[in-house]
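Have a look at the structure below, then the notes.
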Amino acid sequence: MTAEAAPGPYSNAVLALAADIPHLGDLPGAAGRARKVSRICGSEVEVALDLDAQGRIGALGLDVSACALGQASASVFARGAIGADRDDLAAGLDALTAMLKQGAAPPQGRFAALEALSGARDYPLRHGSILLAFQAGLAAYDQAAT
């Protein structure tokens with residue numbers, strides 16, 4: 001059975017992403033920092049970041065305490081965040097939300113690997129955990145930009 005055909009939302013692709021999250025750990029002195037918590041499941045993601053002179057993410061640190069779906073989403077976020085600006089993060093969050101809640105096509109570009117989470121569409125109680133990294137990343141970006 002391929003990862004795409006695996007039953008439920010926990011495909012091999014999701015588990016592989018969850019097991020390999022880049023940029024784990026604190027970023028001391030970060031210009032922006034935000035923690036988001038899922039009210040439904042208690043998953044938490046904290047994102048700390050610094051911006052470069054062009055307003056793009058230049059450094060990143062994550063603390064992830066979430067289910068495999070939240071970890072996989074954080075992994076995709078971390079892989080695509082370096083070099084991203086606010087518009088990139090907002091577009092990623094919007095596309096991920098639309099994929100999960102409206103059945104839209106998976107995100108493209110730097111966050112295209114979120115396609116692995118398309119199997120979670122039918123599990124709305126997991127959506128909050130999946131969105132956390134992007135929500136925290138956007139909040140941390142806004143804090144760093146002020």
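Test each condition in (1) surrounded by fewer than 20 Cβ atoms within 10 Å (Cβ to Cβ); (2) more than 13 Å from PHE134 (Cα to Cα) for LEU100 and report the one that comes out false.
Going through the list (1) surrounded by fewer than 20 Cβ atoms within 10 Å (Cβ to Cβ); (2) more than 13 Å from PHE134 (Cα to Cα), LEU100 breaks only (1).
Go through region 129-141 and give me each residue that's under 14 Å from GLN71 (Cβ atoms) and surrounded by fewer than 24 Cβ atoms within 10 Å (Cβ to Cβ).
Within region 129-141, just LEU131 meets the criteria.
Restricting the search to region 66-88, which residues are free of Cβ contacts under 8 Å to residues at least 40 places away in the same chain, surrounded by fewer than 18 Cβ atoms within 10 Å (Cβ to Cβ) and assigned to a helix (DSSP H, G or I)?
Scanning region 66-88 gives a single hit, ASP87.
Could you list, in sequence order, the residues of region 104-125 that are touching a Pro at 6+ places or on another chain (Cβ under 9 Å) and of a type in the set (Gly, Ala, Ser)?
If the condition is that a residue be touching a Pro at 6+ places or on another chain (Cβ under 9 Å) and of a type in the set (Gly, Ala, Ser), then ALA112, ALA113, ALA116, SER118, GLY119, ALA120 are the ones that fit.
Can you give me the number of residues within region 3-37 that are at pLDDT 95 or above, crowded, with 17+ Cβ neighbours inside 10 Å and in a loop (DSSP other than H, G, I, E, B)?
5
Can you find, within region 39-64, the residue that is surrounded by the fewest Cβ atoms within 10 Å (Cβ to Cβ) among those that are at pLDDT 95 or above and closer than 21 Å to ARG121 by Cα?
Across region 39-64, the extreme among qualifying residues is GLU44.
If you take the residues of region 93-146 that are outside any loop (DSSP other than H, G, I, E, B) and hydroxyl-bearing (Ser, Thr, Tyr), which of them is nearest to LEU49 (Cα to Cα)? It would help to see each step written out before you state the result.
Here is the first cut: in region 93-146, the ones outside any loop (DSSP other than H, G, I, E, B) are 93-102, 109-122, 124-145.
Pick out the ones that are also hydroxyl-bearing (Ser, Thr, Tyr) and you get 97, 118, 129, 141.
Working: THR97: 22, SER118: 27, SER129: 20, TYR141: 7 Å.
Ranking the qualifying residues of region 93-146, first place goes to TYR141.
The values are calculated or read from the model by the stated rules, or taken from the named source; none is laboratory data. What you see is a predicted model, and the numbers here were worked out from it, not measured in a lab. Reconstructed Cβ throughout: ideal geometry from the backbone, glycine too, with neighbour counts over all protein chains shown.
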